[in-house]
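See below for the structure under consideration.
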């Protein structure tokens with residue numbers, strides 16, 4: 001697919017204190033995530049979290065964007081879901097990133113822009129719609145590959161099987177499920193691993209990282225391909 005015809009997929013960048021390629025703090029996007037979008041036929045476009053009314057004017061900022069990918073990242077400030085920090089394991093909270101993520105996903109869902117939310121992206125969507133999180137799991141799923149069972153919408157996700165091996169890296173998870181989210185997949189332990197969002201366009205979230213092994217595990221790439229295909233319909 002030529003670049004001109006690739007659906008444009010917005011990814012909100014994350015902030016890094018330093019990178020080897022610069023002498024300063026940096027705005028970063030996970031390469032595996034951008035590569036997965038490209039491999040699926042999309043054009044990944046990095047956007048930044050910006051302060052002020054212009055920063056959250058998503059009607060303007062997402063003009064010409066065909067899909068929104070809510071990526072992984074650091075922990076969400078518990079104040080965003082009505083709590084205080086209660087675990088020493090909560091790390092790297094960034095209120096500006098939280099505000100940007102929350103306002104971005106709310107707008108995208110209401111505007112009928114296809115959304116795929118991954119890891120923190122799933123968690124921030126839950127928070128944006130009124131849900132809460134477990135601040136630290138008893139057994140964090142980090143460097144962890146485990147089966148996930150999808151109960152509904154298998155075809156809509158572009159999957160050929162209801163069970164897939166998921167690459168997990170998280171120590172938080174959904175606690176109270178927000179109104180507007182339907183749980184459609186769980187881990188063997190019963191943890192929420194996939195949701196469908198109540199929205200006019202295709203909108204799903206997964207707790208695992210499909211980008212980790214998209215090039216060696218076909219169902220993971222299939223998920224990205226379905227997302228990009230749905231984004232193409234909005235052009």
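The values are calculated or read from the model by the stated rules, or taken from the named source; none is laboratory data. Since the structure is predicted, the reported quantities are computational estimates derived from the model, not experimental observations. In this analysis, Cβ positions are derived from the backbone assuming ideal geometry, glycine residues included, and neighbour counts consider all displayed protein chains.
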key: Positions within segment 14-37 being modelled with pLDDT under 90 and under 13 Å from the mean Cα position of the chain (by Cα), in sequence order   = 14, 29, 30
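Per-residue answers, yes or no, for (1) within 16 Å of the chain's Cα centre (by Cα); (2) within 30 Å of residue 5 (Cβ to Cβ); (3) assigned to a helix (DSSP H, G or I); (4) modelled with pLDDT under 95:
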{"site": "130", "(1), (2), (3), (4)": "no, no, no, no"}
{"site": "139", "(1), (2), (3), (4)": "no, no, no, yes"}
{"site": "146", "(1), (2), (3), (4)": "no, no, no, yes"}
{"site": "183", "(1), (2), (3), (4)": "yes, no, no, no"}
{"site": "199", "(1), (2), (3), (4)": "yes, yes, no, no"}
{"site": "212", "(1), (2), (3), (4)": "yes, yes, no, yes"}
{"site": "215", "(1), (2), (3), (4)": "no, yes, no, yes"}
{"site": "227", "(1), (2), (3), (4)": "yes, yes, yes, no"}
{"site": "234", "(1), (2), (3), (4)": "no, yes, no, yes"}
message = So residue 40 ticks every box in (1) under 21 Å from residue 158 (Cβ atoms); (2) under 19 Å from the mean Cα position of the chain (by Cα); (3) modelled with pLDDT under 95 but one. Which box is left unticked?
response = (3)
request  = Can you work out which of the residues in segment 159-175 that are touching a helix residue (DSSP H, G or I) at 6+ places or on another chain (Cβ under 8 Å) and more than 22 Å from residue 30 (Cβ to Cβ) is modelled with the highest pLDDT?
outcome  = 159
ask   = Which of the residues that make up segment 41-79 are farther than 17 Å from residue 113 by Cβ and touching a strand residue (DSSP E or B) at 6+ places or on another chain (Cβ under 9 Å)?
value = 48, 49, 72, 73, 74, 75, 76, 78
